[in-house]
Each structure stands twice: as structure tokens, then as C-alpha cells.
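J.: Dropping the structure in here first, questions after.
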Number of protein chains: 2
Amino acid sequence: METTRILKGDICYSTDKDTLITVPDGFLVCENGLCAGVFRQLPEIYSRLSVEDYTGRLIVPGLTDLHMHAPQYAFRGFKMDLELLEWLNSSAFPEEARYEDPEYARRAYSIFVNDLRKSVNTRACLFATLHLPATKILMDLLEESGLETFVGKVNMDRNCPDYLCEKDGNASADATIAWLEQTAGHYSHVRPILTPRFIPACSDHLMERLRDIQREWQLPLQSHLSENPEEIAWVQELVPGSRFYGDAYDQFGLFGGDVPTIMAHCVHCPPEEIQLMKEKGVYIAHCPQSNANLTSGAAPVRLFLDQGMSVGLGSDIAGGTVLSIFRAMAEAIQVSKLRARLTGDGLKPLTMEEAFFMGTKGGGSFFGKVGSFEPGYECDAIVLDESPIPHPQKLSLKERLERFLYLSGDDWVLHKYVKGRQLF
Amino acid sequence: METTRILKGDICYSTDKDTLITVPDGFLVCENGLCAGVFRQLPEIYSRLSVEDYTGRLIVPGLTDLHMHAPQYAFRGFKMDLELLEWLNSSAFPEEARYEDPEYARRAYSIFVNDLRKSVNTRACLFATLHLPATKILMDLLEESGLETFVGKVNMDRNCPDYLCEKDGNASADATIAWLEQTAGHYSHVRPILTPRFIPACSDHLMERLRDIQREWQLPLQSHLSENPEEIAWVQELVPGSRFYGDAYDQFGLFGGDVPTIMAHCVHCPPEEIQLMKEKGVYIAHCPQSNANLTSGAAPVRLFLDQGMSVGLGSDIAGGTVLSIFRAMAEAIQVSKLRARLTGDGLKPLTMEEAFFMGTKGGGSFFGKVGSFEPGYECDAIVLDESPIPHPQKLSLKERLERFLYLSGDDWVLHKYVKGRQLF
């Protein structure tokens, strides 16, 4: 049975990083979950169908969070006075260890998934923990939410505290296979993604086993890259034959190529690393707030965009604290301006169009044709709630959208559609 | 008649920049608008009085916004892709010109004051516009709100567009005297503050007249200092005898000393300027978000604090976009971390304690004994709404407060008291 939905409202979406399309009082037509187009006047063939009338409301594509740690949602916003490696040991690891207890996991993940469902995001790539039962609880809850997600059971078998460390590479790899087997075919909206924590936490043997698992199971991969100077120096010690951090992944055959791969942060990439990411089609998850909170720095996003690389935005909960990818858009712009002023490196700050593109179509493309309203795109749409920000004057659509980046809360959404299904 | 109130809850306040006092299940006693103290157990003498029971809620001092432009609230969050001088000409000035129309002013200021009343802030220092009727409308609305504010009719007589420029120094000064005469004695909660826009917009003669007005009327002063490199170079051209930007104010006798004075931004101060600010007791309004949005940079707040200078936080609406001074606290920390990483200048990032201090007692002290719960302080208290951020584990008071800096919205306040009076 064919199903068609028509949403009427003030529609904004990106076609490329420099082009924001705004259609006041437009019609978004969705057929069988895919966008058929945005029209200023409703074409005759649809004229007998009912219209979901959101006149006067902003309608934009659902946002994609390309990098975040679901278990860390419970402690977002505190213990923020440390850099990456210290923060992992004193904050992230002890908090993640709690997820050994399925009851705690259910309580914490229920809060997280409920908030994510209500949020402006429709897609997310999530790190779980190393624990199988907790990871399955997370996947169950996400499946019920109707959101489209990738979830990764984390691999970590070295340089971690005893209470949060897999015994060795084989134990970690075997647990991953068990997780894949136990969850295969169970979900329509949740997909598995291979998730080695980062080079310092993964032995060479684990990485080799993960490559085999990736090939057998045809899995995408997510990890961390060049976030913090100390981390980078440590990788050089741990993989002495590597030319740079990304090369360490590449030596294990886990740096893109045929396989969709996300590397979070990419703050301190040397030119050869950028070149290799470009060649291998690696996605960059830019996490501006996290990079500020953990004193990591400011990624050279301008370079990535100008070279046509794939860049999306990440909340990086709980390095970052805020779910909304609108907030990540605003912060990407702000951080790019501070980078320009403080380093004087001549990289032009990001524009609002570029930030909106990264948070929608840029990151969305990791999921396929996602994050735009162009014909053929999977129809993720959110109807925004501007009522908390009344204004005394007329505003253009672009002004209203830009304002939403800077001012909106996580859940200023009235209605949410994913692949054409209405969640609320 | 003596009035005593007693608030019970989880109480946090600063005594100095490094000391955050947390009292779970404590009692805040307020007598005739002044704090009598915070007690772990209610002293016997108060035992017969009724208690306003906010058990389980965070109670903290009201926050102070030391710098913002009330007329710019209407366009916060858009037109953000420019630096200061261009932004003034293309965004701020055209928007401010609308306030010549009292009807527009009433509509716009009503939205602003309503939001400020509901916000976490209890005190603010506000720029209005050059228009007398609009400025009085703003003062009337603020008076009704019950907040404690300083409001300044803006002086600007050069280098501004014709549609938003006073004819000359005498016209500007005379209008200021008229404003002071017309409003004198009208308000209990709103006080006038002298407000030359900044050196580029004020002729020498205007500055001389303002000094006379300041002495006659005993007025505090607010203005802008060393925000943007182009602006600083321009001041050097306009006042060629000045040794640095602050010296230009000082040459006109308008740079602190006996008179309480706020300078907003102070991003690019040379050492001699910092030294002079210190000698003259000038307040620094640190506006981290604005300094990012307008690509101004990141002020060296660590230097100011370590020298014991007076520093508060400003939203700088609409260079900044967000009213809540909790948000400014989080951003002050984030920006200090980016500054440390990107410049490598060795200035240690700000701590949560320092940020909370600046947003409460630091800025509050411009109003007198304000911003703490120590005995004798004017009792501004807010009872916070943490219900939007449920959590699965036990949190300490400090963790809950830190989380509030990073996650709270402008109006996550359940109850608000100013000088002991309950607003809601």
C-alpha cells in the first residue's frame, strides 16, 4: 500500500554546504517514507490528499548526532575540569562501569532514550559500553523509540582500569561476535557498528580480530582520532611504526576505504592524516563543545569542508553536555571564530549555512540519503517550537532558523517524523 | 515592622572566588531583605516562624548580568556572521533605530522584561538606546518587574548613521540631563547609569560634558573597552594622545576612580591598561559568548582574577544570545580552555567555582553587598528547577550545581526573591 503524507509549513533544508533552501508556506510531500519534493504550490496530483497543516511553523530535516556516548548521558555537565586522559580515568570509566548492572543500565538508558526521542535529533551513532546485557537494553529501548541509530558495543582490552577492561583481544572480539549473533535480525531501526574505543585501549591483536569481524559482518566503524596532544603522543608510543594516529588505524585495515567509518574529533590532524582521511572517505564527527570542555582545541573544519570531505556534528555526550545538534551548529560557528582570532591561521569562520548543512545532510549522509528534503531522501522531518522566543518584528525564514541554532532547547520540537513515520 | 523569611533547601553560594559553600537541607534566613545567615540547623530564635520549604531543591543567589543591550534582545541569535564594527552598522544600529517608535519599544521591551523577570538573573546593567521615551518605557517595565537594575540612556554623537545619532555633544548631554530630571525619584528598583556608547561614537566635547554630569549627579558609568582589534586601532586614531584605549576614557576623567565603572569585554588589554583598571577599581564585564560570536577573541580573565580585580559576567545581548548567566558561567570556562589550548599562553583555565563566583558575588558587588548569602547581603535568591534533567544516580550538591551551568535554560527557576521580596 502506498502512503503519502503532506506537511505544510515554513520549510528549510540544505542542498549543499553553501545553499540553504527556504520555502515559506510550502508543502513537503513524502511517499512511502521518501521525500517526493518541496513545493510552493501543491501539485494537482496531491490535491485530494489531506494535509498536515503546520502553517507558520518551521519544518526542517531531522538532525544527526554523529558521535556520542550513551552511558555518559547520566553524568553530562559535571566533572568538567580535566583534560581527556585524566577525565577518562576519573570520570568516564567509573561511570561506564556502572552499566555492568543491568538494572542501573535500564534506569539510566531509559532517561537517555526518552530525552533523545523528544529531542531535535532523528539519527545518532552511539557508543554503548563493553557490557553485552546493557548494550542490548540500550538497543531495545532505541528500537521502541522509533529513532534510527547505529549502536556499538565498545571494545577495550588494555590501558583501562581492571573494573572496565576486557581480558584480552580474543575475549573482546569473541564478546563482539556473541553480541552480533544475539542481536542479528532483532531490530528494524537499530544497526550495529564496530566500536574500538581508541588505539590506546585496543591491543594489536584485538584490532586484527576486529578487522576480520568487520569483513565477515560487513560492519561500519566508529572511533576517536587526534583529539588531544597527550593522546596523540601516546598512540605514537603504542604503535611505533605508525606515521600518525590515523595511520595506526590504517595499519590494521580499519580506516575507511570500502567501509563507512567515522572518526570523532580530528582536532590536531597533520596534513598527511587529512590526506589519508580524504582518500579513504573517512567521516569526521566534529564535536565543538566537547573539544572546548576537555581543552582539546578547535578542529580545522574549514579545511575539511573546503576539500569536500564528509563532516557531520557530534554532541559527544559527555565530553559535550547538550543533545541538540542545533546547539552543536552554533558552537561549531563560535569555535571556528575563536580559532580564527586566537590562532590567526587565516581559516575563515564557518557560516550558518555550513553549520546547518553539517548537522543535517553532512552527518545524515552516513545513514544514506538522509538529512535533506530533496527527492529520494528518507523523510526525517521536525516541526519546531518557536513559542518560547516571541519577537516584536517580522523575521525571514533564515533569521528564524539561525535564531533557533542559538536559542533553542533540546526538546523544542512539536512533531517528529522519521522515514515518514510520525513519532509524535 | 520586621519581616523574616526562612527558605529551606539545598543551598550553594560563594564566599570568594575559590570557595563554594554547599549546605544540603539548610536554612537561609532573611531579615528585612538582608541575609542573616545560612544554617545547617535552624537556630532556636527562628523556631516559631514558618519555613518556605523547598526541600530537595537547589537554592542559590540571584545572578547578575553586568552587561547587555535591552533593545538588542529582539534580534538575538541572527545576523551573527560579522565582526564588531560591521555588525554594529548592519545589525545593531538599524535595530536600535526602531525604538524611536514608542509603540515598537513597548512591544519589544515587554517581551524582554517578561523574559528577564522569569530568568535566573535578579540584577542587570542595561544599555537602552538614545531615545528618551523608549528608555522611560523600559524603566517603567523594569520597575514593575521587581528586578534591581541600572539603565542607561545611550550617548552617541559621531560615527553613527544619521538615523541613530545625536546632533552633537551638547544635544546628547542635554538629552541626558532631561532624562535624569524626568526620571529622578520615579523608581525604587531602577537606577540611572551614565552610558557613553564607546569612544568611537562619542565626541571629545560630549565626553567632557558627561564628566560634568557624572560629578553633578553622582552617577556610575558603563561602556565598552578593547573588544576588537579594529575598534582599538580606531580609538587610537580618534584620540591620538591616548596611550591605550582605556587611557582615552581616563583622559576625560571617565575611567573609574571614585565612581563605580563597568567596562565590557576587555579582550585585548595591554598590560598598562590592566594596571590602570586595577588602580581605578574598574569593573570588567566578561562576555564570553559575545566575544566568540563577534570573533573578538577570549579575554584573559585568569589575569584579572589573579590580581584581585572586580570581574562579573555579561550576556551582552545581542552580541551574545542567551540571558542566563549560568550559561555565561559555562561559556567563560569553555572559552578559557580554548584560549589556553589555542594560544598556549599558560593561563590556567577557569574553574567552576570561579565562574560561579563571577556570576554571583563578583558581578553582584557592583550593586553593593549582593550575590552571596553571607550575613548582611541583600537577599536575592532563586530556587532552581532541575526537573528537566532527571538522573539515575546520587549527585552531590556541587555536581548538581555544575550541571545546571551547562544544561539549564533561561527560565528554569521555580521561585525568585529580590532583596527578600518574592517575585514568584
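The values are calculated or read from the model by the stated rules, or taken from the named source; none is laboratory data. Every value quoted in this text rests on a predicted model; they were computed, and no experiment measured them. Every residue, glycine as well, gets a Cβ built from its backbone with ideal geometry; the counts of neighbours run over all protein chains shown.
J.: Going through B:Thr183, B:Thr176 one at a time, which residue ends up being modelled with pLDDT of 95 or more, in contact with a Lys or Arg (Cβ under 8 Å, 6 or more places away or on another chain) and under 25 Å from B:Asp250 (Cβ atoms)?
T.: Sole residue among the options that is modelled with pLDDT of 95 or more, in contact with a Lys or Arg (Cβ under 8 Å, 6 or more places away or on another chain) and under 25 Å from B:Asp250 (Cβ atoms): B:Thr176.
J.: Can A:Leu254 be described as buried (at least 23 other Cβ atoms within 10 Å of the Cβ) and on the phi < 0 side of the Ramachandran plot?
T.: Judged against the criteria, A:Leu254 is not a match.
J.: Mind listing whichever residues of the stretch B:119-154 are in a helix (DSSP H, G or I), over 21 Å from B:Gly33 (Cβ atoms) and in contact (Cβ under 8 Å) with a residue 24 or more places away in the chain?
T.: If the condition is that a residue be in a helix (DSSP H, G or I), over 21 Å from B:Gly33 (Cβ atoms) and in contact (Cβ under 8 Å) with a residue 24 or more places away in the chain, then B:Leu132, B:Pro133, B:Ala134, B:Thr135, B:Lys136, B:Ile137, B:Leu138, B:Met139, B:Leu141 are the ones that fit.
Yes/no per residue for (1) touching a residue at least 60 places away in the same chain (Cβ under 8 Å); (2) within 11 Å of chain A (Cβ to nearest Cβ):
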{"position": "B:Gly376", "(1), (2)": "yes, no"}
{"position": "B:Ser387", "(1), (2)": "no, no"}
{"position": "B:Gln393", "(1), (2)": "no, yes"}
{"position": "B:Ser396", "(1), (2)": "yes, yes"}
{"position": "B:Arg400", "(1), (2)": "yes, yes"}
{"position": "B:Arg403", "(1), (2)": "no, yes"}
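J.: Next up: Quick one: B:Ser408 ticks every box in (1) polar (S, T, N, Q); (2) farther than 28 Å from B:Val282 by Cα; (3) surrounded by fewer than 20 Cβ atoms within 10 Å (Cβ to Cβ) bar one, so which box is it?
T.: Here B:Ser408 clears every test but (3).
J.: Quick one: which of B:Tyr104, B:Tyr54, B:Tyr99 is buried (at least 16 other Cβ atoms within 10 Å of the Cβ) and within 24 Å of the chain's Cα centre (by Cα)?
T.: Every option except B:Tyr99 fails the conditions.
J.: Can you tell which of B:Asp345, B:Asp380 is modelled with pLDDT under 95 and either within 11 Å of another protein chain (Cβ to nearest Cβ) or touching a Lys or Arg at 6+ places or on another chain (Cβ under 8 Å) (or both)?
T.: The unique qualifying residue is B:Asp345.
J.: Exactly one of these conditions fails for A:Asp306: (1) free of Cβ contacts under 8 Å to residues at least 24 places away in the same chain; (2) within 14 Å of chain B (Cβ to nearest Cβ). Give me its number.
T.: Checking A:Asp306 against (1) free of Cβ contacts under 8 Å to residues at least 24 places away in the same chain; (2) within 14 Å of chain B (Cβ to nearest Cβ), the one that fails is (2).
J.: Follow-up question, since we're still on this one. Which of (1) surrounded by fewer than 24 Cβ atoms within 10 Å (Cβ to Cβ); (2) away from chain B (no Cβ under 11 Å); (3) in a helix (DSSP H, G or I); (4) of a type outside the set (Asp, Glu) is the odd one out, the single condition A:Leu116 does not satisfy?
T.: (1)
J.: Surrounded by fewer than 17 Cβ atoms within 10 Å (Cβ to Cβ) and outside any loop (DSSP other than H, G, I, E, B): does that describe B:His205?
T.: yes
J.: Are any of the residues in the stretch B:161-176 over 25 Å from B:Arg107 (Cα atoms) and among the hydroxyl-bearing types (Ser, Thr, Tyr)?
T.: Looking for residues that are over 25 Å from B:Arg107 (Cα atoms) and among the hydroxyl-bearing types (Ser, Thr, Tyr), one finds at least one in the stretch B:161-176, hence yes.
J.: If A:Leu350 satisfies every condition in (1) within 11 Å of another protein chain (Cβ to nearest Cβ); (2) in a loop (DSSP other than H, G, I, E, B); (3) without any contact (Cβ under 8 Å) to a residue 40 or more places away in the chain but one, which is the exception?
T.: (3)
J.: Of the numbered conditions (1) assigned to a strand (DSSP E or B); (2) over 22 Å from B:Arg421 (Cβ atoms); (3) not acidic (Asp, Glu), B:Arg98 satisfies every one except a single condition; which is it?
T.: (1)
J.: Looking at the stretch B:187-215 only, could you name the residues that are farther than 20 Å from B:Leu225 by Cα and among the polar types (S, T, N, Q)?
T.: The one that is farther than 20 Å from B:Leu225 by Cα and among the polar types (S, T, N, Q): B:Ser188.
J.: Right, another one. Please verify whether A:Gly312 is away from chain B (no Cβ under 14 Å) and either among the basic types (Lys, Arg) or in a helix (DSSP H, G or I) (or both), treating the condition exactly as stated.
T.: No: the conditions fail for A:Gly312.
J.: Take the conditions farther than 23 Å from A:Asn114 by Cα, more than 21 Å from the chain's Cα centre (by Cα) and among the β-branched types (Val, Ile, Thr) and apply them to B:Thr351. Does it pass?
T.: no
J.: Among the residues of the stretch B:4-30, how many are in a strand (DSSP E or B), in contact (Cβ under 8 Å) with a residue 60 or more places away in the chain and of a type outside the set (A, V, I, L, M)?
T.: 12
J.: Which residue is surrounded by the most Cβ atoms within 10 Å (Cβ to Cβ), if the candidates are limited to the stretch B:319-342 and must be small (Gly, Ala, Ser) and either within 10 Å of chain A (Cβ to nearest Cβ) or not in a loop (DSSP other than H, G, I, E, B) (or both)?
T.: So, considering only residues that are small (Gly, Ala, Ser) and either within 10 Å of chain A (Cβ to nearest Cβ) or not in a loop (DSSP other than H, G, I, E, B) (or both), the one surrounded by the most Cβ atoms within 10 Å (Cβ to Cβ) is B:Ala328.
J.: Further question: From the list A:Phe78, A:Phe27, which residue is of a type outside the set (Ser, Thr, Tyr), within 14 Å of chain B (Cβ to nearest Cβ) and crowded, with 16+ Cβ neighbours inside 10 Å?
T.: None of the other options fit; the residue is A:Phe78.
J.: So B:Phe356 passes all but one of these: (1) touching a strand residue (DSSP E or B) at 6+ places or on another chain (Cβ under 9 Å); (2) within 14 Å of chain A (Cβ to nearest Cβ); (3) outside any loop (DSSP other than H, G, I, E, B); (4) under 24 Å from B:Glu83 (Cβ atoms). Which condition number does it fail?
T.: Failing condition for B:Phe356: (4).
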